[in-house]
Amino acid sequence: MKKVFLVTIIVLALFSCKKKGEKIPVTSEKPAITNYAEIAYASYTDAYNEAVKLQNSINDFCNAPTESKFANLKVLYVNTRIPYEQTEPFRSANGPIDTGDDAVEGLLNGWPLSENFVDYVSDGKGGDTLSGIINDTIRFPSITKEVLLSNHESGGESNLTLGYHVIEFLLWGQDLNPVSAPNSSGQRKYTDYTTKANFERRKSYLKAAAEILVDNLAYLVDQWKPTGAYRLTFTAASDASNLSNALSGIAWFCAGELPTERMYKAVETGDQEEEHSCFSDLTDQDIKLSMKGVNNLMNGTYTKVNGEKISGIGLLTVLQERDATGANEVLTLLNTALADCEKIKAPFDQTILNDPSSVVKAKNSIFNFSTKLQTVCAGVGITMNIPE
Amino acid sequence: MIKNSIGWLALLVLVCCKHNSPKDTPLPYNEAEKYSGGTSTTFDIGEQAFNHAVGGLGGIYKIKNYGSVSDTVTFAEYFKLGNSDFRMPWVSAGNTTTARDGLGPFLNATNCSACHSDDGRGKPDLQNGLLFRLSIPGTDAHGGPKPEPNYGGQLSNFAVFGVPAEGDVSILYEEIKGMFADGETYSLRKPKYEFVGMNYGALSSEVLFSPRVGPQVYGLGLLEAIPESEILKYTDEFDTDKDSISGKANYVWDQAKQTNSLGRFGWKANQPNLKQQIAGAFLGDMGLTTSLNPEENLSGNQVSLYGNLPTGGKPEVSDSIIEELLFYQRCLAVPGRRNIDKAEVIQGKQLFISLNCNKCHVEKQMTGASTISALANQTIYPYTDLLLHDMGNELADQRPDFLATGNEWRTPPLWGIGLIKTVNKHTFLLHDGRARDFKEAILWHGGEAEPSKNKFLKLSKTERDQLIQFLESM
């Protein structure tokens with residue numbers, strides 16, 4: 001009798017203090033969080049390995065440039081973007097990509113850039129300007145990794161010297177095509193590396209930029225590997241805080257960053273080149289891949305470049321255990337967003353000018369997914385911390 | 001037995017919930033003061049504290065049809081566009097992203113957030129939010145400062161590729177020792193500026209200059225919505241009430257109205273409204289033209305040297321971007337106060353009043369009508385009168401700006417300043433960031449605030465700490 005009463009008392013006491021939305025213990029948290037880290041490690045590793053291949057081929061191309069080697073560099077560039085874009089939802093989640101003094105996001109994926117800070121651009125009269133670090137032999141007598149690192153964002157945030165989009169510019173060049181042109185991307189010729197003014201300096205620049213790209217991806221791999229500094233911090237942190245960071249990052253990416261900043265802004269501005277991969281015209285791919293990254297994390301799966309599959313517990317399962325109905329709504333909206341992204345017409349620059357409806361539909365779907373995700377998370381006591 | 005258990009139960013419940021119990025002795029403070037920015041105050045106290053939208057942005061901004069797809073843009077989404085405009089850098093003309101090109105040729109920064117990082121406050125260096133206004137004695141056609149002949153109204157310490165920057169400034173600080181009445185010593189740092197590497201001829205021997213740090217930008221829509229009559233209520237230009245504190249309105253050129261209007265924004269209240277402030281920053285700080293400022297920012301021989309450089313269109317910043325930014329700026333919520341029930345903070349506020357700080361840092365204002373409902377008819381606690389005051393020779397820039405003399409500055413709002421440390425990771429205050437903390441900022445007060453400063457010097461250590469704790473609760 002006494003025992004029963006005591007139990008009642010304790011239960012009552014507990015209940016009386018339970019705030020709305022207080023955390024209910026679930027079983028999938030730990031494995032979902034571990035799996036999240038495994039996917040981070042695997043996708044950054046893929047991006048790194050593919051970047052190394054790109055770097056090796058850039059070195060080979062620079063030793064003996066040919067047109068076919070140059071064309072192949074673009075294929076290899078795309079190959080490293082495929083895993084890298086899938087890592088975008090790791091942003092704004094307190095991870096090494098964009099947290100702390102050693103954050104590398106701005107060094108890897110900065111946009112937009114004043115490309116005339118890097119190389120020549122069209123002078124608008126049929127010729128080229130003699131601009132950029134590559135053509136400025138007086139201020140920059142030699143082009144080295146150190147020169148690029150120390151001048152990154154010097155004199156302003158758009159003065160990028162590094163990252164994927166700088167390499168993209170050095171491979172594709174400016175996209176000067178009218179909106180009706182069949183060739184929608186930039187048309188840089190391989191002779192920029194054989195005969196064009198300052199071609200040797202351009203080679204040095206490309207090689208240094210590739211080397212830095214590899215360095216920064218190596219940093220992320222190093223942080224996320226099982227014995228990595230960030231991975232150890234991550235593992236030591238509470239499941240609740242990791243879960244909160246992971247889901248907040250995804251919700252942020254699918255609210256402010258992707259649908260608003262990268263998609264709606266492009267439609268609203270109505271400018272042909274208001275797109276992140278404006279030289280290669282691969283923006284639609286970027287969008288699809290980054291949403292694939294979201295899908296990876298929600299479902300706990302990732303297919304490596306070598307075909308190997310990671311298949312564990314996803315963040316969605318954690319939500320399902322707490323709010324099955326809500327989680328299913330999240331899943332439905334995610335699937336809609338993925339399907340709508342697949343329907344975005346390429347090339348993106350022509351789509352935003354001629355018929356942006358597919359982009360508008362997809363951005364709304366992504367936004368709706370994020371809104372629902374935030375509501376469900378908040379409802380089951382997962383703290384959402386989403387910067388505007 | 002049952003009775004006993006219920007008793008235990010009640011006790012357990014009480015112990016468990018103690019944090020919810022009312023205080024034994026209620027302290028004299030007004031709960032409403034927490035809501036610095038009215039009903040749409042934000043209570044985030046983290047790094048994003050300055051970056052939230054005012055509440056009630058659920059309405060629809062516009063519905064636009066793209067073929068069969070109808071797009072409903074909410075104000076919340078529209079706010080995000082403005083946020084993007086605020087953060088994203090501009091690029092120089094000739095680059096691929098033509099919607100965001102036209103930067104320079106001369107500039108201080110490539111984006112708004114370079115000087116107002118996370119919508120907060122800049123640091124006292126030329127890379128992170130400090131700029132120098134320039135002029136020579138006399139006035140321009142509208143009564144504003146007369147630009148320096150070679151360098152114009154502002155020094156540009158950066159330029160686009162291939163164009164040498166106008167110059168740079170070397171900053172040295174001299175430490176000045178002082179002592180409180182109780183014997184505790186302090187040190188203030190007085191800045192000394194030297195223009196170096198000037199690339200476009202000599203600065204006029206008569207040059208007047210004014211260093212200015214980018215202030216935090218939340219709550220501006222609320223300040224804009226304070227009726228003019230409410231602001232003018234506090235003017236006392238000739239100190240008829242003999243409290244040594246005047247309060248003077250600045251009347252400045254309103255470009256859109258083509259007449260003089262009450263100045264509200266800027267360190268010397270030299271901008272009549274937010275739109276003109278934003279357009280002014282685009283041109284002066286980033287070299288970007290707008291409908292309001294269609295001409296490039298070139299002076300002296302820069303016109304012949306760089307007048308033919310490619311531009312980013314006419315204007316470089318579209319009207320739609322200006323509107324997005326304007327909406328964004330108007331809708332940034334003000335952080336609420338913390339710890340207002342803490343005894344030290346309550347004491348600190350009493351001291352704030354007894355030292356007459358509140359004569360200029362007027363606690364409460366009311367907003368009037370606004371197209372944005374969250375801003376309309378709000379009781380707010382900005383701690384400013386938005387008027388000009390003589391702050392003494394030590395703080396003076398000796399550079400008149402419309403009706404503001406070289407000694408006069410606009411009372412800056414104090415709301416949210418306790419969170420600058422969290423958001424911007426520094427505690428530099430005053431127009432040029434010379435003060436390293438609240439204490440130093442108070443000690444630099446002179447002129448009309450000299451009596452208040454002297455009273456502060458005579459406070460006990462405990463009282464000084466209480467006053468600072470009150471400011472930290474902002």
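What follows is calculated from the coordinates using simple rules that are stated; it is not laboratory data. Source: prediction; values computed, not measured. For neighbour counting, all protein chains shown are included, and Cβ atoms are generated from backbone atoms with ideal geometry for every residue, glycine included.
For the charge dipole of segment A:50-141, defined by +1 on Lys and Arg C-beta atoms and -1 on Asp and Glu C-beta atoms about the Cα centroid, which residue among A:104, A:126, A:84 has the Cα displaced farthest towards the positive pole?
Value: A:126.
Give the long-range amide H neighbours of residue B:288: residues separated by 5 or more places, or on another chain, with amide H under 5 Å away, using H modelled in the peptide plane at 1.01 Å from N.
Counting only residues 5 or more places away or on other chains, the set is B:104, B:283.
If you project the alpha carbons of chain A onto the principal axes, what extent comes out on each, in Å, largest first?
95, 46, 40
Would you mind checking the pairs B:192/B:268; B:248/B:455; A:288/B:275; A:207/A:309 and listing those with alpha carbons more than 29 angstrom apart?
Pairs exceeding 29 Å: A:288/B:275; A:207/A:309.
Identify all aspartates and glutamates with a Cα-Cα distance to residue B:146 below 19 Å; exclude those on the same chain that are fewer than 8 residues away in sequence.
B:166, B:206, B:254, B:285, B:295, B:296, B:397, B:401, B:408
Rounding to the nearest 10 and keeping the result within 0 to 90°, find how far the Cα-based axis of helix A:324-342 lies from the longest principal axis of chain A.
10
Between beta-carbons, use under 14 Å as the cut-off and find the net charge around residue B:60, counting Lys and Arg +1, Asp and Glu -1.
0
Mind checking which aspartates and glutamates have their C-alpha under 15 Å from residue A:304, skipping anything on the same chain fewer than 8 residues away?
Once the sequence-local aspartates and glutamates are set aside, what remains near residue A:304 is A:38, A:46, A:50, A:85.
Based on alpha-carbon positions alone, could you give the equivalent ellipsoid semi-axes of segment B:232-315 from the gyration tensor, as √(5λ), descending, whole Å?
Calculated on Cα positions only, the semi-axes equal 36, 13, 10 Å.
Helix A:2-17 versus the longest principal axis of chain A: what angle, 0 to 90°, nearest 10, using Cα atoms?
In chain A, helix A:2-17 runs at an angle near 40 degrees to the longest axis.
Could you compute Rg(Cα) / (2.2 N^0.38 Å) for segment A:249-388, with N its residue count?
Computed over Cα atoms of segment A:249-388, the ratio equals 1.09.
Once phi is turned into ³J(HN,Hα) by the Karplus curve 6.51 cos²θ - 1.76 cosθ + 1.60 with θ = phi - 60°, what whole-Hz value does each residue of segment A:264-279 show in order, with x for glycine and proline?
For segment A:264-279, the Karplus curve yields 5, 4, 5, 5, 5, 5, x, 9, 4, 9, 7, 8, 5, 9, 7, 8 Hz.
Determine the distance separating the Cα centre of segment B:345-382 from the Cα centre of segment B:310-342; give it in Å without decimals.
22
Would you mind checking the tilt of helix A:29-63 against the longest principal axis of the Cα atoms of chain A, expressed as 0 to 90 degrees and rounded to 10?
10
Classify the protein assembly as shown as rounded, prolate or oblate from the Cα gyration tensor: take a ≥ b ≥ c as the square roots of its eigenvalues, call it rounded if a/c is under 1.5, otherwise prolate when a/b beats b/c and oblate if not.
Oblate, since a/c reaches 1.5 and b/c is not below a/b.
Could you pull out every residue, at least 5 positions away or on a different chain, whose amide H is within less than 5 Å of the one on residue B:186? Hs are placed 1.01 Å off N in the peptide plane, and Pro or chain starts have none.
Residues meeting the amide H criterion: B:178, B:179, B:180.
Summarise the partner chain shielding of A:273-284 as one whole number: the mean count of Cβ atoms from other chains within 10 Å of each residue's Cβ.
2
Starting at the first residue of segment B:95-100, write each ³J(HN,Hα) from the Karplus equation 6.51 cos²θ - 1.76 cosθ + 1.60 with θ = phi - 60°, in whole Hz, x for Gly and Pro.
Couplings: 8, 5, 7, 5, 6, 10 Hz.
Take the alpha-carbon centre of segment A:249-306, take the same for segment A:153-230, and report the distance between them in whole Å.
Between the Cα centre of segment A:249-306 and that of segment A:153-230, the gap is 19 Å.
At a Förster radius of 60 Å, what calculated FRET efficiency corresponds to the Cβ-Cβ distance of residue B:194 and residue A:66, to the nearest 0.05?
Rounded to the nearest 0.05, the efficiency is 0.60.
Once phi is turned into θ = phi - 60°, what whole-Hz ³J(HN,Hα) does the Karplus curve with 6.51, -1.76 and 1.60 give for every residue of segment B:420-425, x standing for Gly and Pro?
Those phi angles translate into 4, 4, 6, 7, 9, 6 Hz.
Just to confirm a number: summing +1 for Lys and Arg and -1 for Asp and Glu over residues other than residue A:53 whose beta-carbon lies under 15 angstrom from that of residue A:53, what do you get?
Charge balance near residue A:53 sits at +1.
Which GluC sites (Glu not before Pro) does segment B:248-338 hold that lie in a coil by DSSP with at most 11 other beta carbons within 10 Å?
B:295
How big is the Cα convex hull of chain B in projection, averaged over all directions, in nm²?
In nm², the orientation-averaged hull projection of chain B is 29.9.
Under a point-charge model restricted to the Cβ atoms of Lys and Arg (+1) and Asp and Glu (-1), what is the dipole moment magnitude of the protein assembly as shown relative to its Cα centre, in debye to the nearest 20?
For the protein assembly as shown, the charge dipole is close to 2440 debye.
Can you classify segment A:49-186 as rounded, prolate or oblate using the Cα gyration tensor, where a ≥ b ≥ c are the square roots of its eigenvalues, rounded means a/c under 1.5, and otherwise it's prolate if a/b beats b/c and oblate if not?
Because its axes are fairly even, with a/c under 1.5, segment A:49-186 counts as rounded.
Charges only on Cβ, +1 for Lys and Arg, -1 for Asp and Glu: so what's the dipole of segment A:25-379 about the Cα centre, in debye to the nearest 20?
640
Just from its helices, what would the mean residue ellipticity at 222 nm be for chain B, if runs of 4 or more DSSP H residues each count -39500 (n - 2.57) and the sum is divided by every residue, rounded to the nearest 500 deg cm²/dmol?
-7000 deg cm²/dmol
Which Cα, out of B:379, B:169, A:241, lies furthest along the positive dipole direction of the protein assembly as shown (beta carbon charges, K/R +1, D/E -1)?
Of the options given, the answer is A:241.
State which entries of B:123/B:190; B:177/B:349; B:123/B:425 exceed 19 angstrom in Cα-Cα distance in the structure shown.
B:177/B:349
If Lys and Arg each add +1 and Asp and Glu each add -1, what is the summed charge of the other residues whose beta carbon sits under 13 Å from the beta carbon of residue A:136?
Charge balance near residue A:136 sits at +2.
Using only alpha carbon pairs under 8 Å that are at least six residues apart, calculate the relative contact order of chain A and give it in whole percent.
Contact order relative to length: 23 percent.
Can you pull the mean other chain C-beta count within 10 Å for peptide A:158-165?
If you average over the peptide's residues, the count of other-chain Cβ atoms is 3.
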